[in-house]
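Trainee: The structure that follows is given in the form of structure tokens.
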Amino acid sequence: MWTIMAGAASPTEGLTGIVGFAARAIDTLGEWGVGGFTLAETVVPPIPSEVILPLAGYLAKQGSLNLFLVFATSTLGAYLGALLLYWLGARLGLERSVRWLSKLPLVDREDFEHAAGWFRRHGKSSIFFGRLLPGVRSLISLPAGAAAMPLATFTLFTLAGSGLWNGALVGLGYLLGTQYQLIEQYSRFLNYAVYAALAVALVLLIIRRTRRAKAKRTETERAGSNS
């Protein structure tokens, strides 16, 4: 009986790898740590919200966190991160912002171009629906700011989309919170998924930049031969 009680006292026990690290960090930092993670993930994705938010919901079910505060701080963090990119787009313009941000790790110019294309095609609705799409979610704010989208409209659609996304992921973790063995299995598979996604992202980034460098060299050589 003592063993069961001791195990129950540590809701992060059994969670390993990047998932275990994230869970212990959330458990230590609390609800505002969740907000900090979502803010950082919106600007430069270190650990995706698909990992952070279900774990926060799980910890809320175990009594380590307050469920309402987890939802509130995660949505606030996502909004502040989006607002930062909106401000950069409005302040520097799309081209300068993309040129600067594309130097960050695991971020490529094509990602920004994809988000900008999504914004051009769908307008203000892209701010809401873009929050539900990986890859677009973190970057859609930049073209919105560059296009001088009204801040009130941007805020409304950002909070609505981010709130829906965060609520779904936090709720999933909360519902799974009673199934401790399932959480352990989930953490192992999620570790593999995160590692695989990071590896694929790194390979694609290398390929993209190699192709771009090769294209620039070819263009330079052609310009030299024509002069």
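The values are calculated or read from the model by the stated rules, or taken from the named source; none is laboratory data. Worth saying up front: this structure is predicted, and the values here are computed from it rather than measured. Reconstructed Cβ throughout: ideal geometry from the backbone, glycine too, with neighbour counts over all protein chains shown. Please note that ligands, DNA and RNA were not included when accessible areas were found on the heavy atoms of the full protein model with its side chains. Shrake-Rupley method; radii C 1.70, N 1.55, O 1.52, S 1.80 Å.
Trainee: Just the accessible area per residue of the stretch 23-175, please: how many Å² with a 1.4 Å probe?
Mentor: Ligands and nucleic acids excluded, the figure is 45 Å² per residue.
Trainee: Next up: How much length is gained if the chain between Leu133 and Leu84 is pulled fully straight, taking 0.36 nm per residue apart and subtracting their Cα-Cα distance, in nm to one decimal?
Mentor: Values: separation 49, 0.36 × 49 = 17.64 nm, distance 1.91 nm.
Additional length available on full extension: 15.7 nm.
Trainee: FRET efficiency for Glu113 and Leu29, Cβ-Cβ distance as r, R0 = 41 Å, nearest 0.05? Display every interim value, and only then the final one.
Mentor: On the way: r = 35 Å, r/R0 = 0.84.
For Glu113 and Leu29, the calculated efficiency is 0.75.
Trainee: Give the value in nm², to one decimal: projected area of the alpha carbon convex hull of the stretch 23-175, averaged over all directions. Could you put the intermediate results ahead of the total?
Mentor: Working: hull surface 32.1 nm².
So the mean shadow area of the Cα hull is 8.0 nm².
Trainee: Measure off 7 Å from each Cα along the Cα-to-Cβ vector at Ala148 and Thr210, then give the distance between these two points in nanometres to one decimal.
Mentor: 4.4 nm
Trainee: Would you calculate the separation in nanometres between label points at Lys103 and Leu175, each defined as 7 Å from the Cα along the Cα-to-beta-carbon direction?
Mentor: Result: 4.5 nm between the two label points.
Trainee: Based on Cβ point charges of +1 for Lys and Arg and -1 for Asp and Glu, what charge dipole magnitude is obtained for the stretch 23-175 about its Cα centre, in debye rounded to the nearest 20?
Mentor: The calculated dipole for the stretch 23-175 is roughly 320 debye.
Trainee: Hey, any idea what % of the stretch 23-175's accessible area is carbon plus sulfur with a 1.4 Å probe?
Mentor: Numbers: 4610 of 6810 Å².
For the stretch 23-175, the apolar C and S fraction of the accessible surface comes to 68 percent.
Trainee: Below 8 Å, C-alpha to C-alpha, sequence gap of six or more: please give me the relative contact order for the stretch 23-175 in percent.
Mentor: On the way: 240 pairs, mean separation 49.4, N = 153.
Once divided by the residue count of the stretch 23-175, the mean separation gives 32 percent.
Trainee: Report the net charge of residues surrounding Ala147, where surrounding means a beta-carbon distance below 10 angstrom and charges are Lys +1, Arg +1, Asp -1, Glu -1. Write out the running numbers ahead of the final one.
Mentor: Values: positive: Arg120, Lys124; negative: none.
Computed value for this residue: +2.
Trainee: Would you calculate the separation in nanometres between label points at Leu69 and Lys124, each defined as 7 Å from the Cα along the Cα-to-beta-carbon direction?
Mentor: That separation, rounded to one decimal, is 3.5 nm.
Trainee: What figure in square angstrom, to the nearest 10, would you give for the accessible area of Tyr86 with a 1.4 Å probe?
Mentor: Approximately 30 Å² for this residue.
Trainee: Not counting ligands, DNA or RNA, and with a 1.4 Å probe, what is Leu83's accessible surface area in Å² rounded to the nearest 10?
Mentor: Result for Leu83: roughly 50 Å² accessible.
Trainee: Could you go through the stretch 158-175 in sequence order and give the Karplus-derived ³J(HN,Hα) for each residue, using 6.51 cos²θ - 1.76 cosθ + 1.60 with θ = phi - 60°, rounded to whole Hz, and x for Gly and Pro?
Mentor: Computed from phi, the couplings for the stretch 158-175 are 5, 5, 5, x, 5, x, 5, 5, 5, x, 5, 6, 5, x, 4, x, 5, 5 Hz.
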